[in-house]
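The values are calculated or read from the model by the stated rules, or taken from the named source; none is laboratory data. From a predicted model like this one, the values you see are computed outputs, not experimental measurements. Note: ideal-geometry Cβ built from the backbone for every residue, glycine included; neighbour counts use all protein chains shown.
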Amino acid sequence: MISLSFSMAQIMSFAVVLFRVAGIMVFAPFYSSGVFPAQIKVIIPLVVALTLAPMVPQAQVGGDFGLAQLVGAMFGEALIGMVLGLTASFIFGGLQLAGQIIGFQLGFSIVNVIDPQSAVESSVISILNNFIGLTLFLLMNGHHWFFSAVSESFTYLPVGGVHLSGALTDEILRLSGQVFVSGLRIAAPVVAVTIIADVVLGIIGRAAPQINILIVGMPVKTLVGLATLSVALYFLPTFLGASFLQMSHDLLRIVRAMR
């Protein structure tokens, strides 16, 4: 008969990693998706915790914790994972914003569909951008970066050592501002071409009043916008690749800012 015995330090090490990884599942792209099976969301933190628990320095978890201190420490550990997941979600927020802008310009915002990732109504262009970004994110093994950040976090953040500092607030505000910047950069080609098309159609309408611009203009504008979108999608993976690589560095910067 095999008997298993664990010290309190080993149990605490397991709990620390478990809560940090569980926090990632709340906001992180791919893991927070509504179509991601709930059973897998439970299994992944358990497996990662078993793998990374020996890496936690025993000196960080050797002290005695009261109930209030234990609850506060575990909440802080979960907060680390949630902040990491939120940091990565900003890029996909920019993709969805770009899709909403493009859909509005092309007239696709009249009819929305349910996004399987977020379970909310979104433009079809937003869903397309989201799937393209998620596919590239997985091809670059971006879903592994969160666990690497958790592993690195023990170097900078001891157990119960998270602090909501001004540096952390500045980093989150800076990254959240990138939602609008990246969204406008992705949508800029289609927006520029559709605005030019509106101007040209307006001139044609003034020059030839017999042409019904309200009927002719919308299909022409949509056709021109879709042609521009098809060309812009060719360059989208390059833009997203650079953004995802920058995100891998931002994850470590966020960890350091929580000291």
Would you check if there is a residue in segment 38-47 being exposed (fewer than 15 other Cβ atoms within 10 Å of the Cβ), within 21 Å of the chain's Cα centre (by Cα), at pLDDT below 80 and of a type outside the set (Gly, Ala, Ser)? no
In segment 240-253, what residues are loosely packed, with under 15 Cβ neighbours inside 10 Å and either of a type in the set (Gly, Ala, Ser) or at pLDDT 90 or above (or both)? GLY241, ALA242
VAL61 passes all but one of (1) at pLDDT below 80; (2) over 23 Å from the mean Cα position of the chain (by Cα); (3) surrounded by fewer than 21 Cβ atoms within 10 Å (Cβ to Cβ); which number fails? (3)
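Which one is farthest from MET55 (Cα to Cα), of the residues in segment 3-22 that are at pLDDT 80 or above and among the small types (Gly, Ala, Ser)?
Narrowing segment 3-22 to residues at pLDDT 80 or above: 14-22.
Going one step further and asking which of them are among the small types (Gly, Ala, Ser), we end up with 15, 22.
On the way: ALA15: 13, ALA22: 17 Å.
In this case the residue turns out to be ALA22.
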Looking at segment 153-165, is at least one residue crowded, with 16+ Cβ neighbours inside 10 Å, in a helix (DSSP H, G or I) and at pLDDT 85 or above? no
Select, from VAL191, VAL200, the only residue that is more than 19 Å from GLY103 (Cα to Cα) and either among the basic types (Lys, Arg) or at pLDDT 80 or above (or both). VAL200
Spot the failing condition for GLY177; the list is (1) of a type in the set (Gly, Ala, Ser); (2) closer than 27 Å to SER89 by Cβ; (3) surrounded by 13 or more Cβ atoms within 10 Å (Cβ to Cβ), and only one is missed. (3)
Of all residues making up segment 195-215, the number that are over 19 Å from LEU106 (Cα atoms) and among the acidic types (Asp, Glu): 0
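Within segment 200-234, track down each residue that is part of a loop (DSSP other than H, G, I, E, B) and either surrounded by 12 or more Cβ atoms within 10 Å (Cβ to Cβ) or touching a Phe, Trp or Tyr at 6+ places or on another chain (Cβ under 9 Å) (or both). Before you say what the answer is, go through the steps one by one.
Filtering segment 200-234 for residues part of a loop (DSSP other than H, G, I, E, B) gives 208-212.
Listed by number, the list holds a single entry, ILE211.
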